[in-house]
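These notes are about the structure you will find just below.
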């Protein structure tokens, strides 16, 4: 299909989003309805609340994206939706909506992997994806991937427990700072002494590319009774530095082992200024470039889903309307090691 016009819907977690994109990266319209304020009262995302809000907002975000794009529903060439990984009840909303449009208008449907959306977001707008190592660091996922090209990925390692973003959220909750925790901890850490408290760098020297951040979160929990409000900036700075240390070390090592000259960073934690500073410096000292996803595409959004769908549609791919959701990451996205 030549230069397909794609409508994509993203409902994997707590953002209801729709985007209209012309291949490869002409973003005609995007609307995102965030539920962050709703879930802040709970200190994290509640699946049932998320799915109810997706049902309430999916129509308005689709209509809004179409209006921004200046096109009608029947002008869309391909309908796409995130079908996993994510919250099952949330994924069903976007998937059912996109399938319904495709069925009613007799147009192709594409089921898109949320991780692939993040993974390729640093390359948004390019018709070809260069070889690189991808570091995905979001609220739900932390993984390193060897990228040969679009659709050709090899999983190098992933978190064995909490994702980096999840650790930020949980530590922020322990500190009574609110949700989402990443930006709040980063802001507090800016005035802190990152060397005052020594936190563990779990699996930093494990010899593989797996991650673990649960123990770091537990260390913060054990330290809290010995600290006061006056210590919070130093505590946040030390915690953030521990996360960044592990991410930077493993990302650079992965690029060297895979002989890649580019690290592509995506996901909400990719917005962290300390991570950007340290990874750029460490990688460039080894002759490796770093490419970060555009800020607007770091958190969950439909533009990255539309981009992946457009790349696949241009290759003539389509999904069955019977394609099911897959809440867990699984291994279907990745080639065998």
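The values are calculated or read from the model by the stated rules, or taken from the named source; none is laboratory data. Values in this document were obtained by computation on a predicted structure and should not be read as measured data. Counting neighbours? That spans all protein chains shown, and the Cβs are built from the backbone with ideal geometry, glycine included.
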Query raised in the report: Filtering the stretch 24-56 down to residues that are assigned to a loop (DSSP other than H, G, I, E, B) and surrounded by 19 or more Cβ atoms within 10 Å (Cβ to Cβ), which residue is modelled with the highest pLDDT?
Result: 45
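Residue 21 - would you say it is part of a helix (DSSP H, G or I), in contact with a helix residue (DSSP H, G or I) (Cβ under 7 Å, 6 or more places away or on another chain), under 23 Å from residue 124 (Cα atoms) and at pLDDT 95 or above?
Spelling it out, it is not the case that residue 21 is part of a helix (DSSP H, G or I), in contact with a helix residue (DSSP H, G or I) (Cβ under 7 Å, 6 or more places away or on another chain), under 23 Å from residue 124 (Cα atoms) and at pLDDT 95 or above.
Matching residues to (1) farther than 20 Å from residue 179 by Cα; (2) more than 22 Å from the chain's Cα centre (by Cα); (3) not assigned by TED's automatic domain parsing to the domain that holds residue 103:
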{"residue": "11", "(1), (2), (3)": "no, no, no"}
{"residue": "20", "(1), (2), (3)": "yes, no, no"}
{"residue": "25", "(1), (2), (3)": "yes, no, no"}
{"residue": "28", "(1), (2), (3)": "yes, no, no"}
{"residue": "37", "(1), (2), (3)": "no, no, no"}
{"residue": "40", "(1), (2), (3)": "no, no, no"}
{"residue": "44", "(1), (2), (3)": "no, no, no"}
{"residue": "68", "(1), (2), (3)": "yes, yes, no"}
Report task. Check whether at least one residue in the stretch 222-233 is surrounded by 15 or more Cβ atoms within 10 Å (Cβ to Cβ) and touching a strand residue (DSSP E or B) at 6+ places or on another chain (Cβ under 6 Å), and report yes or no. Result -> no
Query raised in the report: Is at least one residue of the stretch 7-17 at pLDDT below 95, surrounded by fewer than 17 Cβ atoms within 10 Å (Cβ to Cβ) and in contact with a helix residue (DSSP H, G or I) (Cβ under 6 Å, 6 or more places away or on another chain)?
Result: no
Query - residue 285 vs. criteria over 19 Å from residue 159 (Cα atoms) and either buried (at least 21 other Cβ atoms within 10 Å of the Cβ) or at pLDDT 95 or above (or both) - result: yes
Requested in this report: For residue 105, state whether it is closer than 28 Å to residue 52 by Cα and free of Cβ contacts under 8 Å to residues at least 40 places away in the same chain.
Outcome: yes
Query raised in the report: Tally time: how many residues in the stretch 207-221 are out of contact with any strand residue (DSSP E or B) (no Cβ under 9 Å at 6 or more places or on another chain) and in a loop (DSSP other than H, G, I, E, B)?
Result: 1
